[in-house]
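The structure under discussion appears below in the form of structure tokens.
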Amino acid sequence: MNDVSAGAGDGRRAGTAGTLGEPGPVAGGDRDGPGPALTRFRVLAYVTGVFLLLLTLNMVLKYGLDREGLGDWIAVGHGWLYLAYVLVAVDLWLRTRLPASRMILVVLAGTVPAMSFVAERWVSHRLADRSGDA
């Protein structure tokens, strides 16, 4: 009855590899690596970039062509997404220690239409090169 491994297959021991104290995929050394942080950054870079392109289209329609824009929700959405993008970029920088000057440019890329896509590719390739060298 006091068997520690009883119930290990029912999901209550997530993060262990089957024996008590042995770290699994969640609790292993990968937790501090760039993997999940890079994924978060990539997703937010794309979403922020799409919203910035929509915001640019909205401004062109509204002020350039005197037509009804796509709505004010795009500006608000981009603002909140950009804030999340900055936080995720800082988290990625803290985990990877990429050059600070480059990370400032990566953060600013979220304010220039289509540049967040370029920044995402730069960061992804840079981290892939690092993991290949190790």
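Just so it is clear, none of the values below were taken in a lab; they were calculated from the coordinates. Not measured: the values here are computed from a predicted model. In this analysis, Cβ positions are derived from the backbone assuming ideal geometry, glycine residues included, and neighbour counts consider all displayed protein chains.
The trypsin sites (Lys or Arg not before Pro) of region 32-108 that DSSP puts in a loop, and whose beta carbon has at most 11 other beta carbons within 10 Å, are 67, 97. Spin-label model, residue 39/residue 61: points 7 Å from Cα along the beta carbon direction are separated by 3.4 nm.
With the Cα gyration tensor of region 34-133 giving a ≥ b ≥ c as the square roots of its eigenvalues, does the rule (a/c under 1.5 for rounded; else a/b larger than b/c for prolate; else oblate) give rounded, prolate or oblate? Judged from the Cα gyration tensor, region 34-133 comes out prolate (a/c at least 1.5, a/b above b/c).
Nothing charged except the Cβ atoms of Lys and Arg (+1) and of Asp and Glu (-1): what's the magnitude of the dipole of region 34-133 about its Cα centre? Round to the nearest 20 debye.
Values: 10 positive and 7 negative charges, 69 e Å.
The dipole magnitude comes to about 320 debye.
In order along region 68-73, the phi-based Karplus estimate (6.51 cos²θ - 1.76 cosθ + 1.60, θ = phi - 60°) of 3J(HN,Hα) comes to 5, x, 7, x, 6, 4 Hz; Gly and Pro are listed as x. Placing unit charges on each Cβ (+1 for Lys and Arg, -1 for Asp and Glu) gives region 34-133 a dipole about its Cα centre, and among 71, 124, 107 the Cα reaching farthest toward its positive end belongs to 124.
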